[in-house]
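Enquirer: Below is one structure. I have some questions about it.
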Amino acid sequence: MTSSTNAPATIDAQFKALSDGTRRALLEYLVREGEQSVHALTAISGVSQPMVSRHMAKLKRAALVTARRTGRETWYSARAKGLAPVVQWMAIYGALWSQRFTALEGIGE
């Protein structure tokens, strides 16, 4: 079964990236606080720097963050439109399920 959007691979990567609580927390932090270095993300995450780097690489592959290098430091920012494919997918299926639940409620009346 394929997704009805134009970028099913992106949506798959995004759902996989967002399935991890640490990655969700890191992304939420970037959304709230803006661009952060790996060192800053390590300090707030409670995991090692190599793990933060791995988590950020997965978020980057899923097009949820961008990265830039300054010297030896990598800085990450949340992508403003990064979640658009997931939001669109959820809107389509949310409406579908809402209609089905409404129909089921009508059966019992």
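The values are calculated or read from the model by the stated rules, or taken from the named source; none is laboratory data. Since the structure is predicted, the reported quantities are computational estimates derived from the model, not experimental observations. No Cβ is skipped: glycine too gets one built from the backbone with ideal geometry, and neighbour counts run over all protein chains shown. Accessible surface areas use protein heavy atoms only, side chains included; no ligands, DNA or RNA. Shrake-Rupley method; radii C 1.70, N 1.55, O 1.52, S 1.80 Å.
Enquirer: Tell me, which helices (runs of 4 or more DSSP H) lie completely within region 5-102 with 2 or more residues that are polar (S, T, N, Q)?
Expert: 8-18, 38-45, 49-61
Enquirer: Using the structure shown, decide if residue 23 is basic (Lys, Arg) and over 28 Å from residue 96 (Cβ atoms).
Expert: no
Enquirer: To continue, here is another question. Taking the stated definitions as given, is residue 43 open to solvent by 30 Å² or more (accessible area, probe 1.4 Å), within 20 Å of residue 10 (Cα to Cα) and at pLDDT 95 or above?
Expert: no
Enquirer: Right, here's the next one. Can you tell me which of 74, 10 is surrounded by 12 or more Cβ atoms within 10 Å (Cβ to Cβ) and touching a Pro at 6+ places or on another chain (Cβ under 8 Å)?
Expert: Of the residues listed, the single one that is surrounded by 12 or more Cβ atoms within 10 Å (Cβ to Cβ) and touching a Pro at 6+ places or on another chain (Cβ under 8 Å) is 10.
Enquirer: Which pairs have Cβ atoms under 7 Å, sit 6 or more apart or on different chains, and link a residue in region 61-79 that is free of Cβ contacts under 8 Å to residues at least 24 places away in the same chain to one that is assigned to a helix (DSSP H, G or I) and among the charged types (D, E, K, R)?
Expert: Every condition considered, the pairs that remain are 67/60.
Enquirer: For region 43-91, which positions are closer than 15 Å to residue 27 by Cβ, β-branched (Val, Ile, Thr) and over 16 Å from the mean Cα position of the chain (by Cα)?
Expert: 44, 47
Enquirer: State yes or no: is residue 107 loosely packed, with under 11 Cβ neighbours inside 10 Å and among the hydrophobic types (A, V, I, L, M, F, W, C)?
Expert: Against the criterion (loosely packed, with under 11 Cβ neighbours inside 10 Å and among the hydrophobic types (A, V, I, L, M, F, W, C)), residue 107 qualifies.
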